[in-house]
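Worksheet for the structure shown next.
Read-outs throughout are calculated quantities, based only on the coordinates presented, and are distinct from any laboratory measurement. All values reported here derive from a predicted model rather than from experimental measurement. All Cβ positions, glycine included, derive from the backbone under ideal geometry; neighbour counts span all protein chains shown.
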Amino acid sequence: MRPRDLLRVNRIYLEPRVREYARGREILARFPHAELVEVASHWNIPGLHGNEGLARDWVRVKRETLVLGVRKTLAVRPNGRSADFIAPGVANGCAMSCAYCYVPRRKGYANPITTFVNVEEVTAFLARHARAQGEKTVPDQVDPRAWVYDVGENSDLSVDALLSDNVRDLVTLFRGLPNAKASFATKFVNRDLLDYDPRGRTRIRFSLMPRSVARVVDVRTSPIRERIAAVNDFVEAGYEVHLNFSPVIVYDGWRRDYAALFEEVDDALSDAAKAQLACEVIFLTHHEGLHDVNLRWHPRAEDLLWVPRVQEEKRSQQGGTAVRYRTGMKGQMVRVFRDLLTERMPYCRVRYAF
Ligand code: SF4
């Protein structure tokens, strides 16, 4: 997926205050031919969010629509898994279309990128928050020394970076924070980021899964081989690079395919990349609402994601019914995954697996 195929913005919904911000004006200047539609709020845009009729137009909406807004709430949430804190994002929504992604559930249906233009307020807030934490004195699985902020919970920053300098600004901020690191997971290889000079203070977590499955569920993302090939270059450019095995989807032959994936990664990685490597492993959780939506635009993905015979219901934080692999069965799957990984990539520390 080349950048120009991923995004060809021809309609921009914007809050009126967007023009008051330099970042807002910069982005508008990049798309001089786009139709501009003023909206009261980036939430609940009539005709866009929650519009069931757009399910069939899913990909077109993601490619051609951009929303610009001003982030109102600045708050961090404690995390303890991928990061110590979840930072207020500089975007939400995504131009890619992974079939298991929870991002559509937030705004409903084909949720294109919303970029926040008040990035300076976000970075000033994060700098204050990091300063207030002082030194990290108790190492944990997230990081032995730095407070880690997940800056991409509700979007993919590698794609957001195609639209503006918001991501460059975040990398620049964390380069200067002695006690903190930024971190984000990605499924897109954007080589523009190689110039950002992160000096070890931004951790990129490349998401990987067997390519036969990625071809079905990771819609509009960079191919798996391209993500693997990017790891060494990002390490050389000064990023910390971890792997995000998420979601792990179980099907006939998943063990064989993961073993092959680990071998492929092992063959590709440089010694420098291996020396700093760690990973997180998250088995699939799916959601009934998303299952229903997917049946309208990408039913083939549901053959892999919705398998009631091996799944059980759990209470969903977002409301509605979520499913995960059955307890007991899932414990075994996690052990199998860890064993396969340790056998082929013994240097890859598992930060957490569930
Ligand atoms: S790349 Fe991430 S945010 Fe984008 S659709 Fe896929 S899972 Fe969702």
>> Given the chain, report the % of alpha carbon pairs whose separation exceeds 36 Å.
In response: 18
> Where Lys and Arg each count +1 and Asp and Glu each count -1, what net charge lies around residue 81 among other residues with Cβ under 14 Å from its Cβ?
Replying inline: -2
> Dipole of the chain (Lys/Arg Cβ +1, Asp/Glu Cβ -1, origin at the Cα centre): which of 212, 126, 202 lies farthest to the positive side?
Replying inline: 126
> If you put +1 on each Lys and Arg Cβ and -1 on each Asp and Glu Cβ, how big is the dipole of the stretch 220-302 around its Cα centre, in Debye rounded to 20?
Replying inline: 300
>> I want the local charge near residue 242. Using Cβ-Cβ distances under 10 Å, sum +1 for each Lys or Arg and -1 for each Asp or Glu among the other residues.
In response: +2
> Which one of 281, 262, 328 is farthest out on the positive end of the charge dipole of the stretch 231-347, using unit charges on Cβ (Lys, Arg +1; Asp, Glu -1) and the Cα centre as origin?
Replying inline: 328
> Using a simple charge model, +1 on the beta-carbon of Lys and Arg, -1 on the beta-carbon of Asp and Glu, nothing else, what dipole does the chain show about its Cα centre, in debye to the nearest 20?
Replying inline: 440
> How high is the relative contact order of the stretch 235-334, given as a whole-number percent (alpha carbon pairs under 8 Å, six or more residues apart)?
Replying inline: 29
> How much length is gained on full extension from residue 236 to residue 51, taking 0.36 nm per residue of separation minus their Cα-Cα distance?
Replying inline: 62.2 nm
> Name the residues of the stretch 250-273 whose amide N is less than 15 Å from a point 7 angstrom out from the Cα of residue 309 along the C-beta direction?
Replying inline: 250-254
> Which FRET efficiency value, to the nearest 0.05, is calculated for residue 72 and residue 35 with the Förster distance at 22 angstrom and r the Cβ-Cβ distance?
Replying inline: 0.30
> Under 19 Å from a point 7 Å along the Cα-to-Cβ line of residue 216: which residues of the stretch 238-252 have their amide N that close?
Replying inline: 246-252
> Could you give the length gained on full extension between residue 329 and residue 260, defined as 0.36 nm per residue of separation minus the Cα-Cα distance, in nm?
Replying inline: 22.6 nm
> Using the beta-carbon distance between residue 20 and residue 192 and R0 = 30 Å, what value does 1/(1 + (r/R0)^6) give for FRET efficiency, to the nearest 0.05?
Replying inline: 0.65
>> Can you tally the net charge around residue 59? Count Lys and Arg as +1, Asp and Glu as -1, for every other residue whose Cβ sits under 11 Å from the Cβ of residue 59.
In response: +2
> HN-Hα J couplings of the stretch 200-206 from phi, Karplus 6.51/-1.76/1.60, θ = phi - 60°, integer Hz, Gly and Pro as x?
Replying inline: x, 9, 10, 9, 9, 10, 6
> When you count, for each residue, the other Cβ atoms within 10 Å and take the mean per peptide, how do 77-87, 329-339 rank with the highest first?
Replying inline: 77-87, 329-339
> For the chain, modelled as a Gaussian network with Cα springs under 10 Å, which listed residue fluctuates most, 143, 303, 156?
Replying inline: 303
>> Suppose we keep just the DSSP beta bridges with both residues in the chain; what percent of those would be antiparallel, to 5?
In response: 25
> Points 7 angstrom from Cα along the Cβ direction at residue 124 and residue 300: gap in nanometres?
Replying inline: 5.0
>> Under 5 Å between amide hydrogens, which residues at least 5 positions from residue 188 or on another chain qualify, with H placed 1.01 Å from N in the peptide plane?
In response: 222
> Most fluctuating residue of 299, 88, 144 in a GNM of the chain with Cα springs under 10 Å: which is it?
Replying inline: 144
>> Please compute the length gained on full extension between residue 342 and residue 179, using 0.36 nm multiplied by the number of residues separating them and subtracting their Cα-Cα distance.
In response: 55.6 nm
>> I want to verify a result. In a Gaussian network model of the chain, Cα cutoff 10 Å, which of these has the top mean-square fluctuation: 24, 200, 320?
In response: 320
>> With n ≥ 4 as the cut-off for DSSP H runs, can you work out [θ] at 222 nm for the chain, using -39500 (n - 2.57) per run divided by the number of residues, rounded to the nearest 500?
In response: -10000 deg cm²/dmol
